[in-house]
Structures are given as C-alpha cells and as structure tokens.
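Working notes, beginning with the structure itself.
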Amino acid sequence: SDFVANASHELKTPLTSIKGFVETLLEGAMDDNENSVNFLKIINNHADRLNTLINDLLDLSHIESKEIVLKKDKFALAVLVNEVILGFKSQAKNKGIEVSSALAQGLEIIADKSKIEQVFTNLINNAIKYNKEKGFVRIYSEQLVDKIKIVVEDSGSGIPAKDIPRIFERFYRVDKARSRKLGGTGLGLSIVKHIIELHLGSVGVESIEGLGSKF
C-alpha cells in the first residue's frame, strides 16, 4: 500500500503540472510567445521526468519478477567502470568533481554486464548529483576472505543515521524536495540492491552526515 501511494503521488505531481500549463496555454497564453515557450519547456521537463519514472518502475518490476534470467559473462570490471565514468564527464566537470577508479585492470568478474553497468551508473550518478562543488568520487576494491568488496565513495552531504536503514527502499528519499529538483525518482538504489542480490551479493552503505558516503 505504501508503494501504490508513493507511485501515485510521484506520477500525479508532474501530470498535475503538465495539465495546468496546457490549460493556461489553451486559455490564451499561446499568443504570448515568450511565456508560451517557457511553458512548453516546463511541460517537456515534466514529460521527461514521467518517462524516467516509468522506465525505472518497469526496470524494477522486471528485476523483482522471478522471470529474469541473468546473462552472465566474464569481463574486466575496471574497463566497464571507466566507460561509465566517461559518460559522466561533463556532469562531473560542471561541478568540478574528480571521479577516479583504482580498480585493478586484472579484476575480472562473472556477471550480467548490462545489469552491473546499471548498478555503477546509478551509484556514480548519485555520487556526483549529491556531492559538493569541487568534491570527489572514488571507486576502489577491497579483498575479503571469500569475496570482493567494491566501494563507491563520495565527498557529498552524507546520510543522516536515522535514514540509513531505509535508503534502499523504493521511493525512500533523504531530502525529497532536493531529490525531485535534481531529477531523482527514488528508485535507483532499490534497483541497485535487487541487481546485486540477484548476483548473490549484498549491498550496504556507511555514511556520516556532512562527510560523504561509501556505498
């Protein structure tokens, strides 16, 4: 019931805005060229937001269904992570954030490459989005007894202790207003958790408010 309430709210907000601006245009604002272009840009942004939200919901629904079959291959994790980092080059540059990977070139894993790419895309996107100006994002690994631990560390605002247990829940956000403003759907970390658990791994976070996070 929480999920249905949250999903309805997330879909309703941009739809209400789109409807409001369309009605304003139909009531005569179309003749005001400057304002009508601004209204159309806002409508376009909200439509993009709905599209992202629906894509994330479909992704999550597919990942959570038992029908999903992982296409596992052996590949170098460092190469994949470097490709993902490259995709965020301009986003990081705009905020003066240095994104670096210290993953060993020889580190190979057997996993579903496209799904693991999705995991790093979500984590690096968040690490840049919720970071401070001129901050950093570092990706590195630690060898544990029988498994490998991959860390995505950022110098961002961190997560309050009370929110940490719920951070991987669908639609759970630490700062709702800021997350929406930055285009977050509240589903990214939930998708990350499900993908890693499908690979029989586990996911967690260490964070100190004001000092950044390690996922």
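Odds and ends about this structure:
- Cα centroids of region 88-108 and region 185-206: 20 Å apart.
- The slack in the chain from VAL4 to ASN51, taken as 0.36 nm per residue of separation less the alpha-carbon distance, amounts to 15.1 nm.
- Exposed-site-free run, longest, the chain (rule: GluC sites (Glu not before Pro); DSSP loop; at most 13 other C-beta within 10 Å): 134-215
- Calculated FRET value between SER141 and ILE68, using beta carbons and R₀ = 22 Å, to 0.05: 0.25
- Per residue accessible area in Å² of region 8-109, where ligands, DNA and RNA are left out and the probe is 1.4 Å: 66
- Theoretical FRET efficiency, 1/(1+(r/R0)^6), r = Cβ-Cβ of GLU23 and SER61, R0 45 Å, to 0.05: 0.90
- Contact order for the chain, expressed relative to its length and based on alpha carbon pairs under 8 Å spaced 6+ residues apart, stands at 19 percent.
- Rounded to 10°, Cα long-axis angle of helix 2-26 versus longest principal axis of the chain: 40
- Fraction of accessible area attributable to carbon and sulfur, region 96-215 (%, probe 1.4 Å): 53
- With respect to the chain, whose longest principal axis is taken over its alpha-carbon atoms, helix 77-87 is tilted by about 20°.
- Relative to one another, the C-alpha centroids of region 157-175 and region 21-64 are positioned 28 Å apart.
The values are calculated or read from the model by the stated rules, or taken from the named source; none is laboratory data. Just so you know, these numbers come straight off a predicted model, no measurement behind them. All Cβ positions, glycine included, derive from the backbone under ideal geometry; neighbour counts span all protein chains shown. Calculation scope for accessible area: heavy atoms of the full protein, side chains included, ligands and nucleic acids excluded. Shrake-Rupley method; radii C 1.70, N 1.55, O 1.52, S 1.80 Å.
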